[in-house]
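A.B. asks: Here it is, the structure, as structure tokens.
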Amino acid sequence: MSIAVLPEQQLKYLSRRGSDITDLKMSLETQDYSKLIMIGHRLKGSGQTFGFPLISSLGRSIEEAARLENVAALKGLILDLETAVEKYLAELPQSV
Amino acid sequence: MKSKNASSLVIIDDDVDLLELLSSFFRQRGYNVSSYEDARMALDDIESKKISADVVISDLKLPVMSGLDFIKRIREFNSVLPIILMTAEGTLEIAVEAIEAGAYDFVLKPLHVPQLLISVQRAIFLNQVQAENSNLKNFFSEQDFLGLKGVIGKSAGFKKAIELAKRVSSSQANVIIFGESGSGKEVVAKAVHELGDRKNGPFVAINCSAIPENLLESELFGYAKGAFTGAVGSKIGLFEEANKGTLFLDEIGDLALPLQAKLLRVLQERKIKRIGENTTRDITARVICATHKDLKKEVEKGNFREDLYFRLNVIPIYMPPLRERKEDIIPLSEYFLKKFALLNHADIKGFTKAALKRLETLPWRGNVRELENAIERAVVLANSEYVDVDDLPGETQKDDSQKNEEGFDKSSAIFSIHSVMSLDEMNKKYIEFIFKRNGYAKEQTAKELGIDRKTLYRKLKELETVEQLTIQ
């Protein structure tokens, strides 16, 4: 985990991923692949910085799958992202 | 609240989470941070100087204006502002494109924030060094008189010398500059060189009193391989080195008689021979000489050749001593203050009124060189933003007839002992006496004392140490 990030900053980051997941699902439905690429790219660049390497990894995969317009892969990846965010939230210290 | 002396950081990223994280991280470390999601707004604010920026951190992929376009626009009006680009695209092509566009550094996302901090610190250091370099360059390229760099003076005697230098600058006539030690004879010689058609050629200077006679000949004329023991290769002399330029022979009055004869032949025939060679070589250097001595008297005493004197004395230029250029003392002092404040990173703003008065009343027997040394010392030792009287030489300098130190009778320039002192103390005081008498000219002092310059430097350093301890 990056020593630069405080737990409250991590909580804020994870909390905001909820709207990302909603946007990803909607974009998949409307086949807005450029938006899927954009969100995936952003997650790729930010997840690990906040101490969540799995989010970066999933972001990279979402970006790649969106470029290939691979709907099936994208469905699975969005679910995995949802699970990862819940898991990380649960692991955060209770005092936050 | 902005910290007064903190560096200013501009961060641009459309990822709100990262923007907040980085802003918080750098603010906690004392930086003034301006953050933007839109590069165009950041550009407008930097250009209009609404915000200050020492370093910019920008994402590469941004809506409206990309990081690369941002750099290109910044470089239109600021070629030195360090810009660090961040991106999750880690290809070599992108990195090269970023650097070619003018990025200072290129960091990959996901970020390792402490590593980004190091990059920012390095960028700030680079910025400071570049700014300092630019200040120094501007300072030393200031043109003060007749377009000459660092030539300071408005007194009649000084102006007359420099204007005469200008008039003779493009002629081939021999020039000899007369003036006391430290009065600025080399400044005049450089003026003749810079103002004439030889300004693009080399300016080669040598002090004839500083080098032993046997070495001086090989320095001036060069030598062939094997010409003497130790000549393992050939070497060109200063006459040849100064071809198409100017050779400045300082303290020509100290040249030994045999070398005077050789110099005379060179000036007459415009040819030299390297030591140990038969080949004659044409020289195209213009020769300018200088001396603090009265050459006419030296000729009468038999120390200087009369024919050489007449050959050199075609255009004599007289450089007045500083005591005859009183109106130049303050401008020179201010120039030296700026110079040494820059060189020593000292925050010295000027002189107190009392200090200015002291500067104008001191006799400056060592002339401009002594003044320069005094200002340098004052800048280094000053305790406040303004140089005060206590930072300058004492008023006892003023009175010629007064003994200013135990053991010295300055009026007759004789070293005399008035009380018992240890050998070490006597040594130090004698060195200091000779040094001051020679106007702080180190070469001349070393020669008179019969020691080499390295030894003299060491002994002068010991003197400084003693004086600093005394001040403390």
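Any read-out appearing in this document is the output of simple, stated calculations on the displayed coordinates, not a laboratory observation. Note that the structure is predicted; figures quoted are calculated from it, not measured. Because the Cβ atoms are built from the backbone with ideal geometry, glycine has one as well, and the counts that use them run over all protein chains shown.
A.B. asks: Give the aspartates and glutamates reachable from residue B:296 as a straight Cα distance under 15 Å; neighbours fewer than 8 places away on the same chain don't count.
C.D. replies: Result set, ordered by chain and number: B:251, B:254, B:306, B:307.
A.B. asks: Something else: Could you give the size of the charge dipole of chain B about its Cα centre, using +1 on the Cβ of each K and R and -1 on the Cβ of each D and E, expressed in debye and rounded to the nearest 20?
C.D. replies: 1960
A.B. asks: Quick query: amide H of residue B:317 versus all other amide H atoms, modeled in the peptide plane; which residues come in under 5 Å with a sequence gap of 5 or more or a different chain?
C.D. replies: So residue B:317 has HN proximity to B:176, B:177, B:178.
A.B. asks: I need the shape label for the range B:9-100. Rule: rounded when a/c is under 1.5, else prolate if a/b > b/c, else oblate, with a, b, c from the alpha carbon gyration tensor.
C.D. replies: oblate
A.B. asks: I'd like to know which of B:431, A:76, B:25 lies farthest towards the positive end of the charge dipole of the protein assembly as shown, counting +1 on Cβ of Lys and Arg and -1 on Cβ of Asp and Glu.
C.D. replies: Of the listed residues, the answer is B:431.
A.B. asks: What is the dipole size for the range B:1-113, taken about its Cα centre, with +1 at each Lys and Arg Cβ and -1 at each Asp and Glu Cβ, in debye to the nearest 20?
C.D. replies: 600
A.B. asks: Quick check on chain B: helices-only [θ] at 222 nm, where DSSP H runs of length 4 and up contribute -39,500 (n - 2.57) each and the sum goes over total residues. Nearest 500, please.
C.D. replies: Theoretical 222 nm ellipticity from helices: -14500 deg cm²/dmol.
A.B. asks: Give the angle, between 0 and 90 degrees and rounded to the nearest 10, that separates the Cα long axis of helix B:16-28 from the longest principal axis of the Cα atoms of chain B.
C.D. replies: The angle comes out near 40 degrees.
A.B. asks: Moving to a separate point now. Convert each backbone phi in the range B:256-262 into a coupling constant with the Karplus relation 6.51 cos²θ - 1.76 cosθ + 1.60 (shift: θ = phi - 60°), then list the ³J(HN,Hα) values in order as whole Hz, x for Gly and Pro.
C.D. replies: Karplus values, whole Hz, x for Gly and Pro: 5, 4, x, 6, 4, 5, 5.
A.B. asks: Is there a pair in B:273/B:297; B:235/B:262; B:190/B:326 whose C-alpha atoms are over 25 Å apart, and which pairs would that be?
C.D. replies: Going by Cα-Cα distance, B:273/B:297 fall outside the 25 Å limit.
A.B. asks: Defining a contact as two alpha carbons under 8 Å apart and six or more residues distant in sequence, what relative contact order in percent does chain A show?
C.D. replies: Relative contact order of chain A: 33 percent.
A.B. asks: In addition: Rounded, prolate or oblate for the range B:313-370? Axes are the square roots of the Cα gyration tensor eigenvalues, ordered a ≥ b ≥ c, and the cut-off for rounded is a/c under 1.5.
C.D. replies: oblate
A.B. asks: A further question on this structure: Give the residue from B:78, A:46, A:28 lying farthest towards the positive end of the charge dipole for the protein assembly as shown; charges sit on Cβ (+1 for Lys and Arg, -1 for Asp and Glu) and the dipole is referred to the Cα centre.
C.D. replies: Projecting each Cα onto the dipole axis, the largest value belongs to B:78.
A.B. asks: Using Cα atoms only, what is the angle between the long axis of helix B:367-381 and the major principal axis of chain B, expressed in degrees (0 to 90) to the nearest 10?
C.D. replies: Relative to chain B, helix B:367-381 is tipped by roughly 40 degrees.
A.B. asks: Mind checking the mean number of beta-carbon atoms from other chains within 10 Å of the Cβ atoms in A:45-54?
C.D. replies: 5
A.B. asks: Sticking with this one: Among residues other than residue B:348 whose Cβ falls under 10 Å from its Cβ, what is the net charge (Lys/Arg +1, Asp/Glu -1)?
C.D. replies: -1
A.B. asks: Please turn the phi angles of the range B:335-351 into ³J(HN,Hα) values with the Karplus equation 6.51 cos²θ - 1.76 cosθ + 1.60 (θ = phi - 60°), one per residue in order, whole Hz, x for glycine and proline.
C.D. replies: Each residue of the range B:335-351 in turn: 4, 5, 4, 4, 4, 6, 5, 5, 5, 9, 6, 9, 8, 9, 9, x, 10 Hz.
A.B. asks: Once Lys and Arg get +1 and Asp and Glu get -1 on their Cβ, which of B:381, B:345, B:362 lies farthest toward the positive end of the dipole of the range B:336-388?
C.D. replies: Value: B:362.
A.B. asks: To continue, here is another question. With an 8 Å Cα cut-off and a minimum separation of 6 or more residues, compute the relative contact order for chain B in percent.
C.D. replies: Relative contact order here is 11 percent.
A.B. asks: Please list, in order along the range B:31-39, the HN-Hα scalar couplings obtained from phi with the Karplus expression 6.51 cos²θ - 1.76 cosθ + 1.60 (θ = phi - 60°), rounded to whole Hz, x for Gly and Pro.
C.D. replies: Result, rounded to whole Hz: 7, 7, 10, 10, 10, 9, 8, 10, 5.
A.B. asks: Okay, next question. Taking amide H positions as placed in the peptide plane 1.01 Å from N, state which residues far from residue B:86 in sequence (5 or more) or on other chains have amide H under 5 Å from it.
C.D. replies: The list, which skips near neighbours in sequence, is B:58, B:59, B:60, B:107.
A.B. asks: Still on this structure, please answer the following. With charges set only on the Cβ (+1 for Lys and Arg, -1 for Asp and Glu), what does the dipole of the protein assembly as shown come to about its Cα centre, in debye to the nearest 20?
C.D. replies: Computed about the Cα centre, the dipole is about 2140 debye.
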